[in-house]
């Protein structure tokens with residue numbers, strides 16, 4: 001009768017104990033995480049860029065805040081509708097494939113379960129909510145500061161800090177490298193705001209003269 005070495009038994013038992021924790025599939029978070037991170041970054045960057053673009057030619061705080069509010073509402077609706085349509089199309093494709101597999105009597109056990117199917121309503125709600133939360137950052141940062149230069153500095157600082165937080169959180173939740181993710185998000189936001197500000201400034205001061 002063959003015997004199993006004690007060392008192998010201990011190693012096998014330790015592996016079994018660690019499997020439920022160490023082998024967690026973080027890709028299961030990808031659907032809602034992608035929608036939430038995309039929505040938050042889009043809301044933050046697009047709203048801040050709109051506000052800075054208008055601020056490049058108009059120093060009035062009211063105009064800057066109104067522009068940001070319009071961007072928040074329009075962007076949240078756009079993100080929700082876009083995610084809903086996109087994810088619903090993905091859902092239709094997966095359901096149709098499941099039906100084809102079932103009709104051909106393929107390996108039914110391998111088809112995805114209902115709780116693993118994409119959820120259009122969840123994606124739409126996550127995108128709209130995340131966009132709104134992101135857009136609120138530059139709005140709140142500029143709402144109580146009247147001096148023009150100080151308002152700009154506060155908006156850029158608040159947006160930079162929030163971009164870093166969003167980048168770090170998205171990477172941490174997906175167990176991806178946090179430093180590179182944070183750097184990409186921050187630099188991307190800076191580029192978007194700089195381009196919007198620069199082009200608006202150029203057109204506003206020279207384009208219509």
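Here are 154, 159: which of them is assigned to a helix (DSSP H, G or I), under 15 Å from the mean Cα position of the chain (by Cα), in contact (Cβ under 8 Å) with a residue 12 or more places away in the chain and within 19 Å of residue 55 (Cα to Cα)? So that I can check it myself, show each step before the final result.
Numbers: 154 fails: under 15 Å from the mean Cα position of the chain (by Cα).
On inspection, the qualifying residue turns out to be 159.
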Query raised in the report: Does residue 196 satisfy being in a helix (DSSP H, G or I), at pLDDT 90 or above, touching a helix residue (DSSP H, G or I) at 6+ places or on another chain (Cβ under 8 Å) and surrounded by fewer than 18 Cβ atoms within 10 Å (Cβ to Cβ)?
Result: no
Requested in this report: Just name the residue that is farthest from residue 51 (Cα to Cα) out of those in the range 71-122 that are modelled with pLDDT under 80, surrounded by 13 or more Cβ atoms within 10 Å (Cβ to Cβ) and under 24 Å from the mean Cα position of the chain (by Cα).
Outcome: 117
Query raised in the report: Counting only residues that are modelled with pLDDT under 80 and surrounded by fewer than 15 Cβ atoms within 10 Å (Cβ to Cβ), how many does the range 30-62 have?
Result: 1
Query raised in the report: When residue 189 is evaluated against the numbered criteria (1) surrounded by 15 or more Cβ atoms within 10 Å (Cβ to Cβ); (2) within 14 Å of residue 45 (Cβ to Cβ); (3) free of Cβ contacts under 8 Å to residues at least 40 places away in the same chain, which criterion, by number, is the only one it fails?
Result: (3)
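The values are calculated or read from the model by the stated rules, or taken from the named source; none is laboratory data. Predicted model only: the values in this text are computed from it and were never measured. Counting neighbours? That spans all protein chains shown, and the Cβs are built from the backbone with ideal geometry, glycine included.
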